[in-house]
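The values are calculated or read from the model by the stated rules, or taken from the named source; none is laboratory data. Just so it is clear, the model here is predicted, and its values are computed rather than measured. Don't worry about glycine lacking a Cβ; one is built from the backbone with ideal geometry, like all the others, and counts go over all protein chains shown. Side chains are part of the model used for accessible areas, which takes the heavy atoms of the whole protein and leaves out ligands, DNA and RNA. Shrake-Rupley method; radii C 1.70, N 1.55, O 1.52, S 1.80 Å.
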Amino acid sequence: MKWIARAAVAGLALGGFLWLVSESTDRTAVLMLAAGLVTAAGIRRATQHASSAPQGTRRAAAAGMAGFALAGLVPVVAAALMLVKVALHSHGQPDFTTADLLAVVARAPAWAVGGALLGAAAGLVGSWMGGHATG
């Protein structure tokens, strides 16, 4: 399974490079890249943290909090990537304006709530599967 994680990281690196050298000003693309980077960096630790919690609602709550923290970082990482791209390209007209940066960072609460819901759902499913596994 390690090769899957390595292939995902290699794909993210390639996608990041292609995004960085392009003239793309699409905020959705940078948010998706940031989501992939945050997931690759934090999912293993978040999974270990949540799986060490007792079965049931405590595991779902731990997974929800991990999802909240990871997803809340996505807009921050996206804004940092946008700033790096602006600094490297140095056009007279920047790729991303201050309004673009603020619009991305303003999405942090929505990302955090969505991550918490996904994490809690994954924790509940994992807890249920752990209690009902056969064999």
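At a glance:
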| item | result |
| --- | --- |
| So Ala29, is it in contact (Cβ under 8 Å) with a residue 24 or more places away in the chain, assigned to a helix (DSSP H, G or I), among the small types (Gly, Ala, Ser) and surrounded by 14 or more Cβ atoms within 10 Å (Cβ to Cβ) | no |
| Scan of the stretch 40-78 for residues that are open to solvent by 80 Å² or more (accessible area, probe 1.4 Å) and of a type outside the set (Val, Ile, Thr), ordered by number | Ala41, Arg44, Arg45, Gln48, His49, Ser52, Gln55, Arg58, Met65, Phe68, Leu73 |
| Only listed residue being within 30 Å of Leu88 (Cα to Cα) and of a type in the set (A, V, I, L, M), chosen from Ala60, Ala66, Ala41 | Ala41 |
| Matching residues in the stretch 1-25 - criterion: being within 17 Å of Leu88 (Cα to Cα) and open to solvent by 70 Å² or more (accessible area, probe 1.4 Å) | Phe17, Leu18, Val21, Glu23, Thr25 |
| First in the stretch 6-19 and part of a helix (DSSP H, G or I), second anywhere and of a type in the set (D, E, K, R) and open to solvent by less than 50 Å² (accessible area, probe 1.4 Å), Cβ under 9 Å, 6 or more apart | Trp19/Lys85 |
